């Protein structure tokens, strides 16, 4: 005998969630690109009364400290170089979201994004950052493969007979 289907309805309890209405932190947003990498930067400014905790890193990359994300000291230096050149490493904290490419491309995309965000903060920084070459987007990308070739430029081995 087939079982009779019964409809049961469950009462959904509505929970009241208290939302704290705090003033959201203000930030500057910029995008940096390099090869296949795209870095979205949010740069938070430090108020005179605020004190950032002397943490491992004030810059976070994909929810990690930039020192944990970029293990190579050269890449760490690449990311923090715009702030270091302006002597304002402790004046800002940043949140970076990177996608695509390799670690070097991501680090250089982050450097470009941080530089662009710093210009939004103060237009006078532009001259210094331009001098160090941090505002120039590196436009080199991988060349496409051509028909009849093994790679972009590598030809198959030539045989006389």
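The values are calculated or read from the model by the stated rules, or taken from the named source; none is laboratory data. Everything numeric in this text was worked out from a predicted model, so none of it was measured. Cβ coordinates were reconstructed from backbone atoms using ideal geometry, including for glycine residues, and neighbour counts include every protein chain displayed.
Quick notes
- In the set (1) within 25 Å of residue 27 (Cα to Cα); (2) outside any helix (DSSP H, G or I), residue 114 fails one condition alone, (2).
- Members of the stretch 83-96 that are buried (at least 17 other Cβ atoms within 10 Å of the Cβ) and over 14 Å from the mean Cα position of the chain (by Cα): 83, 85, 86, 92
- Residue satisfying condition, being modelled with pLDDT under 90 and either under 23 Å from residue 35 (Cα atoms) or within 18 Å of the chain's Cα centre (by Cα) (or both), within set 138, 72: 138
- Test: residue in the stretch 138-146 that is in contact (Cβ under 8 Å) with a residue 12 or more places away in the chain and surrounded by 12 or more Cβ atoms within 10 Å (Cβ to Cβ): yes
- Only a single item in (1) outside any loop (DSSP other than H, G, I, E, B); (2) farther than 20 Å from residue 33 by Cβ is not met by residue 120, and it is number (2).
- The residue list 111, 91 contains one member that is under 23 Å from residue 131 (Cα atoms) and without any contact (Cβ under 8 Å) to a residue 60 or more places away in the chain, which is 91.
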